[in-house]
Structure formats: structure tokens, C-alpha cells
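Values in this text are rule-based calculations from the coordinates and carry no lab data. What you are looking at is a predicted structure, and each value in this text was computed from that prediction instead of being measured. Cβ coordinates were reconstructed from backbone atoms using ideal geometry, including for glycine residues, and neighbour counts include every protein chain displayed.
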Amino acid sequence: MIVVDYGVSENVFERERRRMVERDLKGRDITEAGVLSVMGRLAREEFVPESYISQAYGDCPLPIGMGQTISQPYIVALMTQELRLNNFCEVLEIGTGSGYQTAILAKLAKRIYTVERFTELSAHAQAVLSRLGITNVEYCVGDGSCGWPFDAAQDKFAQGEPEKRTFDRIIVTAGVPKIPEPLVEQLGNGGVIVAPVGGAGVQELVVGTKREGKLVERTVCSVRFVKLVGENAFEQ
């Protein structure tokens, strides 16, 4: 029998992963085949601290350090499903965290751009995704409420003016009082943004579609996320 470094048999994780998909995802309202397939294959145990390894497939958030959490599998699946991804999408993720959501996005979209406030979390996520052979991700440490930083060396109009970088999809993995305006600006027309919007404790999961420069929003359900701290989000 193959045994992983944590002293738990690989078969246990595989069994728990199948149970998660059948009970916590299919058993609710997750129907997108791509989401179910990726989450049924991706090793969530790689993304949780060793002290929580036995709870890797529980349908609950888990602490990952720095006051942050890895979201419960159902919410990860729901937010991913609401993005309506395809393999042509370029996705901006606000809040890299453990890298679990990042890895799922990377399996379903063309390229992921992910911003994390904490250097330690970003570095750890990069190491895990690299170990798993996931290479279509660009990382940034900074204020996610300001969006992806402008790179003057790469993004310019022919006239020499800065070109606004836009994304097909944006996902915010921390609570915001409202969808930050820089993210609305960086969302391409026809694009979709998914974000938990509300107070510092409880939010509503909002899905916005950009049409003619404005967001058309709908609410999916109530959620609870740690808050996004930044210039266009919550104060420290």
C-alpha cells in the first residue's frame, strides 16, 4: 500500500475525495462536469496544514495561517461553477490563499493571474502548484482590491498610452463591502465576476456580468468569508 508523508494511506484520501464529490457537491447543486471532474482529481490534502490533514475533505473551511482559511469544498465548487469557465478564459483571482482555488481555476481556464496580500501564503501556494505541475499561473503579492498591477513594460497602446488590462473572469475569495471599482474596470465586457459582498462577518455571494460597461448583478446565497483588506475594501 502506498503511504503519503502524512502517514495516511493514499486510498483514504481517494475515498474521501469521492465522498466529497458525491455528497457535498453532486448531492447539492453542483452540476458542472468540469468542476466535478477537477475537484474529484485534485488532492486537497496538498493545500491544508499538516495538523488538519485528517479534515482535508470535510465540507468546512480550515485555517491556513495569517488569519486566512481554505474555503469549504462546496463554496469553492459553487463559485467556480458560477464563473462559467472555458479553456479560453483569462482569470483574475483576488486572494491566492492556499492555492487550492487557484489550482482548480488553472485546470479549467487558459491562464490565471492571482494576487495575495501575504508573501508567505503566496510563496507556499507557488511551491504546491509547482510540485503539482501547474504552470499556467502568474502570481503577485499586493493589494488585491486594486486589481492586477499595470506593467508599463508590457501593456501599451501604439501611441504610448497605458492599456488597461482586462480579464474574462474575476473571482474574489475574501469578503468585500462592495465590488471594488478597479475590478469592475479590469473585467472585460461580457465577463463575469464572482465575489462575497457584505459585512466583515456575513456576505452575499454576488455574480456580476459586465454589459456595456456596467455590472448586472444577482445574488446566489449567503456566505461567510474572511475580509479582504485593502484600499478599495476593508480597513486593517
- First in region 183-201 and without any contact (Cβ under 8 Å) to a residue 40 or more places away in the chain, second anywhere and surrounded by fewer than 21 Cβ atoms within 10 Å (Cβ to Cβ) and of a type in the set (S, T, Y), Cβ under 6 Å, 6 or more apart: G188/T166
- Tally of residues being touching a residue at least 60 places away in the same chain (Cβ under 8 Å), within 21 Å of G190 (Cα to Cα) and among the hydrophobic types (A, V, I, L, M, F, W, C) across region 65-118: 12
- Task: Report, ordered by the first and then the second residue, all pairs with beta carbons closer than 6 Å, sequence separation of six or more or different chains, a first member in region 16-31 that is farther than 23 Å from I53 by Cα, and a second member that is of a type in the set (A, V, I, L, M, F, W, C) and surrounded by 14 or more Cβ atoms within 10 Å (Cβ to Cβ).
- Result: I30/A77
- Query: Would you pick out the residues in region 16-67 that are part of a loop (DSSP other than H, G, I, E, B) and among the hydroxyl-bearing types (S, T, Y)?
  - Reply: T31, Y57
